[in-house]
Amino acid sequence: MTRLDEILQSLGASNHDLVEKLPANLNHKMVQKARLGKKPVPKHTQDLILQALNMLMREKAVAEDKAVCQYKRVEIFPAEPET
């Protein structure tokens, strides 16, 4: 289970919830591949997913009247080992 998958499950959010935030740039296939974590995710895709995730987190925090938690790329997508 990837960190992205853990976060989305804890929020009760689906791939579609992320795609809704950036429909012009992000698609379900990109989110699913990142969520599975079998292959490295391109940095551009990481940035899009991170942006959508932070937007979703802000919405949930405002709706629940809680403090906003913003994630950084390294928290969601660990660095790939150099070969």
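Step through the table entries Lys39/Lys60; Lys39/Lys66; Lys21/Lys72, compare each Cα-Cα distance with 25 Å, and write down the pairs that go over it. Those over the limit are Lys39/Lys60; Lys39/Lys66.
For segment 42-83, the orientation-averaged shadow of the C-alpha convex hull comes to 3.0 nm² (one quarter of the hull surface). A Cα-only calculation for segment 3-76 places Rg and Dmax at 11.6, 37 Å. Using only side-chain charges placed at the Cβ, +1 for Lys and Arg and -1 for Asp and Glu, the dipole size of segment 2-83 relative to its Cα centre rounds to 240 debye. Ordering of 43-55, 60-72 by packing is 43-55, 60-72, highest average first (other Cβ atoms within 10 Å, averaged per residue).
Each value in this text was obtained by applying a stated rule to the coordinates, not by laboratory testing. Keep in mind it's a predicted model, so treat the numbers as computed, not measured. Cβ sites come from the backbone with ideal geometry, for glycine too, and all protein chains shown count toward neighbours.
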